[in-house]
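Beneath this line is the structure, given in structure tokens, with notes to follow.
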Amino acid sequence: MEVTRFPADMDKDTFLTSFSVQMLDCIKAGMGSSYEQEFTPEGDESWFHYLRKNLDDGVNYILLSSDGRFRGYAVWKQHGDSIHIYDLIIRPEYQMDIITLRKLLVLLAEDISGLDASKLWAYTNYRNMRMNSILTRHGFTETERKRNGTVYTADLRNFINKFSKER
């Protein structure tokens with residue numbers, strides 16, 4: 001499998017040109033397979049704005065592909081003592097193969113292993129039952145329920161230890 005990391009592997013403009021359309025397609029397909037989507041009047045442009053803002057704000061991306069086919073990606077950033085997972089998106093045809101999810105989690109564990117943090121934080125839409133289940137299976141516990149979703153946390157060292165063994 002081919003792995004691409006931002007900002008480690010390329011500059012912002014190259015990343016946007018090379019991957020933004022594939023990422024948007026992946027998120028639409030991946031989230032659409034989990035629950036019915038409600039699109040805003042701004043459509044795709046609001047997502048591109050969000051992506052550009054993330055890239056400017058130092059958010060990290062891990063993209064996974066094989067044989068020229070985009071499989072999925074993870075997005076994360078350190079906030080003080082916590083690592084926040086912003087997105088973990090997998091194309092529907094790879095969601096049940098276990099390999100893609102496991103590889104993204106192993107790569108995430110690699111990226112965050114040397115950071116000074118103790119918690120891993122994730123938020124998911126309450127309708128995304130598949131992701132809610134994935135998080136609880138991998139050591140996350142529900143911390144807070146919000147209007148549209150659930151906040152989960154996990155011990156960072158436990159997560160890293162679990163996935164560093166799988167390399």
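The values are calculated or read from the model by the stated rules, or taken from the named source; none is laboratory data. It should be emphasised that the depicted structure is a prediction, and the values quoted were computed from it without experimental measurement. Here Cβ is always computed from backbone atoms with ideal geometry, including for glycine, and neighbour counts include all displayed protein chains.
Just to be sure, is T150 under 22 Å from G72 (Cβ atoms) and in contact with an Asp or Glu (Cβ under 7 Å, 6 or more places away or on another chain)?
Numbers: under 22 Å from G72 (Cβ atoms): yes; in contact with an Asp or Glu (Cβ under 7 Å, 6 or more places away or on another chain): yes.
For T150, the condition - under 22 Å from G72 (Cβ atoms) and in contact with an Asp or Glu (Cβ under 7 Å, 6 or more places away or on another chain) - is met.
Okay, residues lined up against (1) more than 23 Å from Q95 (Cβ to Cβ); (2) among the hydroxyl-bearing types (S, T, Y):
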position: L115; (1), (2): yes, no
position: L120; (1), (2): no, no
position: N128; (1), (2): no, no
position: M131; (1), (2): no, no
position: E142; (1), (2): no, no
position: R145; (1), (2): yes, no
position: G149; (1), (2): no, no
position: Y152; (1), (2): no, yes
position: N158; (1), (2): yes, no
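Yes or no: A117 under 22 Å from N148 (Cα atoms) and either touching a Leu at 6+ places or on another chain (Cβ under 6 Å) or aromatic (F, W, Y) (or both)? Write out each step before concluding.
Numbers: under 22 Å from N148 (Cα atoms): no; either touching a Leu at 6+ places or on another chain (Cβ under 6 Å) or aromatic (F, W, Y) (or both): yes.
No.
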Legend entry - Residue check, W76 of a type in the set (F, W, Y) and touching a helix residue (DSSP H, G or I) at 6+ places or on another chain (Cβ under 7 Å): yes
Inset, instruction - Please work out which residue is surrounded by the most Cβ atoms within 10 Å (Cβ to Cβ), limiting yourself to the stretch 76-109 and to residues that are more than 22 Å from N161 (Cβ to Cβ) and touching a Lys or Arg at 6+ places or on another chain (Cβ under 8 Å). - result: I90
Inset, instruction - Residue by residue through the stretch 101-158, note down the ones that are in contact (Cβ under 8 Å) with a residue 40 or more places away in the chain, of a type outside the set (A, V, I, L, M, F, W, C) and in a helix (DSSP H, G or I). - result: R102, K103, E110, D111, R130
Legend entry - Residues located in the stretch 146-167, provided they are of a type outside the set (S, T, N, Q), modelled with pLDDT of 90 or more and farther than 13 Å from L108 by Cβ: V151, Y152, D155, R157
